Each structure stands twice: as C-alpha cells, then as structure tokens.
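Written out below as structure tokens is the structure these notes cover.
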Amino acid sequence: MADRGGRSGPDWGVLSGIAFTFFALGVTVNVLVLERVGSEVKTVVAAIVINSATTELAYIAVRDAGGSLIAALLAGWIVASRFGLLAASLGSRLNVGRWHRTAAGLQSFDPNVGVAVQQRTPHEVMRAFWMVTLAMHTGWWSGTFVGVFLGNVIGDADRLGLDAVFPALLLAIIGNLLRQRPGLIAALVGGAVCALLVPIAPAGVPIIMSLIGAVVALSIRTPETAS
C-alpha cells in the first residue's frame, strides 16, 4: 500500500473503502439498535460509550435469543476483550511515548491494527494506524447518524447487503498476511476452532478461542526462523 508520494501505508482508495465500510456498518448496526431500544438518544449514547459494532451486535444477538441482560452484557464484553489483544500486538511495533501509546491502545480495532502491523518501520506503523483510525471514525459516525435519523427511510439494512461489507473488508485487510505461512496457519486453525465452537459455545467465546490459531502459528518455526 503506497500513495503517489512514494510513502508506504494505505492509499486513498484503501482509506475510502474503509470509511465506506464503517459507514455501512454504522447504518446497519444503529438501525438494529434503534429498532430495539426505540430511542434515538439511547442509540447515539450506545454508539459513543460502546464504540464497537461487534460488541453491540453480540449484545443484540443474545438478547434476541432470549438471554438475560447479564448474559447479553457478558457476550458483548467477551467480544470486546479482543481489543486488548489487538492493542498488545500493536504495542510491540510502537516506538512512541507513554501517552501516545495509551491513545493508540484505546483506539485499537481490527482494521487499523491489521493494516498497521503490516508496515515496515515504527513511523510507518503509526502513520498507517492513525490514517485508518480516522477513516474508520469518519465512516462510523456518519453512518451512525444516518442510521439513527434516517433509519425509517432506509428500512431493512440487511436487505441492501450492508451486513456483508465488514467481513469483506477484514478479508481484504488480512489478504497479505494469508500469503505468509504463519498467517495462513493462524487463519486455518483459528477458523476451524471457531467453526467447531459456534454451535455449542456462548456468543463471543468462539471468537476469543479462535486465537488458538495465532498461538499455534507462533509456535511453529518457519524456514526463515529455523535457519
């Protein structure tokens, strides 16, 4: 990923795609939340406080399945706990001060960490991280307000296919990692673990347990490290 100035990192096409993805995600999630809470104010507050689409979706999924409030909140917490792991993986690539590191840790999500860790130098890591973070928030907040205040005009967001945009973005982001042996091993093992647990485990648990794939990948020595 390089822009026209020759600098590495996400180009404007990538950033625009990320912004659109999070716009679609903001619309989809907040239309669903608004349908359930029936209050525009509560929906916007939830978007601000939680600031995670997957966490809100996990909460909704458990609640819609008849789970208790505690079970729904626990499912959301389990899904959100992956952000701490993402922040830890990013931390090893940072060469910044304590406050900058703290700010980055609080903003660690799947796409910005996924793009950042593929960069070569600490400067490039930070530059890519914050560029993607800005694109994410621009899309999320514009989508949030469209979903909240124009949701009745849009109707069923799933019918428009907006729910498929986010998974497609994640696949595009990790595409380069899948071309490397450790990334492919992590994806295959993690996907298998997740697929086995989805029918039997509570919401959120399969996602967390799929991190076993990363542990397996790290424990297998590649030809480059073995030499």
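The values are calculated or read from the model by the stated rules, or taken from the named source; none is laboratory data. Keep in mind the model is a prediction, meaning the values are calculated, not measured. Every residue, glycine among them, receives a Cβ derived from its backbone with ideal geometry; neighbour counts consider all protein chains shown.
Take the conditions surrounded by fewer than 16 Cβ atoms within 10 Å (Cβ to Cβ) and in contact with a Leu (Cβ under 8 Å, 6 or more places away or on another chain) and apply them to E40. Does it pass?
yes
Hey, can you tell me all the residues within region 52-90 that are surrounded by fewer than 17 Cβ atoms within 10 Å (Cβ to Cβ) and under 17 Å from the mean Cα position of the chain (by Cα)?
W77, S81, G84, L85, A88, S89
Results for (1) assigned to a helix (DSSP H, G or I); (2) over 24 Å from V113 (Cβ atoms), shown as yes or no for each residue.
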residue: E35; (1), (2): yes, yes
residue: A46; (1), (2): yes, no
residue: T54; (1), (2): yes, no
residue: G66; (1), (2): no, yes
residue: G76; (1), (2): yes, no
residue: L85; (1), (2): yes, no
residue: N95; (1), (2): no, no
residue: W99; (1), (2): yes, no
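Conditions (1) in contact with a strand residue (DSSP E or B) (Cβ under 8 Å, 6 or more places away or on another chain); (2) among the basic types (K, R); (3) over 18 Å from V198 (Cα atoms), marked per residue:
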site: S39; (1), (2), (3): no, no, yes
site: K42; (1), (2), (3): no, yes, yes
site: V45; (1), (2), (3): no, no, yes
site: T55; (1), (2), (3): no, no, no
site: Y59; (1), (2), (3): no, no, no
site: R63; (1), (2), (3): no, yes, no
site: S68; (1), (2), (3): no, no, yes
site: A75; (1), (2), (3): no, no, no
site: I78; (1), (2), (3): no, no, no
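Could we say that T225 is at pLDDT below 80, among the hydroxyl-bearing types (S, T, Y) and either assigned to a helix (DSSP H, G or I) or surrounded by 13 or more Cβ atoms within 10 Å (Cβ to Cβ) (or both) here? If you could, list the steps in order and put the result at the bottom.
On the way: at pLDDT below 80: yes; among the hydroxyl-bearing types (S, T, Y): yes; either assigned to a helix (DSSP H, G or I) or surrounded by 13 or more Cβ atoms within 10 Å (Cβ to Cβ) (or both): yes.
Yes, satisfied.
Only residues that are modelled with pLDDT under 75 and not in a helix (DSSP H, G or I): list them for region 196-210, please.
P202, A203, G204
Please verify whether region 180-195 includes one or more residues that are touching an Asp or Glu at 6+ places or on another chain (Cβ under 8 Å), modelled with pLDDT of 85 or more and buried (at least 16 other Cβ atoms within 10 Å of the Cβ).
no
Show the residue pairs that are 6+ apart or on different chains and have beta-carbon atoms under 9 Å apart, the first residue being within region 94-107 and more than 21 Å from V49 (Cα to Cα), the second being of a type in the set (S, T, N, Q) and surrounded by fewer than 13 Cβ atoms within 10 Å (Cβ to Cβ).
The qualifying pairs are N95/T121.
Among the listed residues A71, A128, which satisfies the condition of being assigned to a helix (DSSP H, G or I), touching a residue at least 12 places away in the same chain (Cβ under 8 Å) and in contact with a Lys or Arg (Cβ under 9 Å, 6 or more places away or on another chain)?
A71 is the lone residue from the list that is assigned to a helix (DSSP H, G or I), touching a residue at least 12 places away in the same chain (Cβ under 8 Å) and in contact with a Lys or Arg (Cβ under 9 Å, 6 or more places away or on another chain).
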